[in-house]
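Step one of this worksheet: look at the structure below.
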Amino acid sequence: MAAQEEAAGLAALSICESLMIAMVEKGLLTVDEARGTLEDAAAAHHEGGLPAQIIERLVDQVSVVVQASVRGRDGGG
């Protein structure tokens with residue numbers, strides 16, 4: 001059962017990352033709004049710990065992927 005729960009958690013994390021990136025790329029959220037949403041989610045884990053750390057890493061990943069995507073569309077590098 002633990003393996004299923006871990007797999008479900010990883011799937012949810014991947015889906016969340018993909019949705020955040022897609023929303024920013026479609027103009028539904030700015031990068032700052034996406035970052036703020038994730039930071040709020042991390043803050044909801046008052047004790048910090050692993051959930052907050054994972055969400056904080058997701059903030060960084062979403063920012064990097066979106067910035068790379070924008071640079072690619074603009075022809076920049």
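The values are calculated or read from the model by the stated rules, or taken from the named source; none is laboratory data. Quantities reported herein were computed from a predicted structural model and do not represent experimental measurements. Please note: Cβ atoms are built from the backbone with ideal geometry, for glycine as well, and neighbour counts cover all protein chains shown.
Some points to look at:
- The range 25-46, subset among the aliphatic types (A, V, I, L, M) and under 15 Å from the mean Cα position of the chain (by Cα), residue modelled with the highest pLDDT: LEU28
- Residue identified as in a loop (DSSP other than H, G, I, E, B) and of a type in the set (A, V, I, L, M) among LEU19, LEU28, LEU58, LEU38: LEU28
- Test for ALA22: is it exposed (fewer than 14 other Cβ atoms within 10 Å of the Cβ) and within 14 Å of the chain's Cα centre (by Cα): yes
- Residues of the range 57-73 satisfying the condition of being without any contact (Cβ under 8 Å) to a residue 40 or more places away in the chain and surrounded by 17 or more Cβ atoms within 10 Å (Cβ to Cβ): VAL59, SER63
This table checks each residue for (1) under 13 Å from GLU17 (Cβ atoms); (2) in contact with a Phe, Trp or Tyr (Cβ under 6 Å, 6 or more places away or on another chain); (3) among the β-branched types (Val, Ile, Thr).
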residue	(1), (2), (3)
ALA34	yes, no, no
THR37	yes, no, yes
ALA44	no, no, no
ALA52	no, no, no
ASP60	yes, no, no
VAL66	yes, no, yes
VAL70	no, no, yes
GLY75	no, no, no
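- Matching entry among LEU50, LEU38 (being surrounded by 17 or more Cβ atoms within 10 Å (Cβ to Cβ) and out of contact with any Lys or Arg (no Cβ under 9 Å at 6 or more places or on another chain)): LEU38
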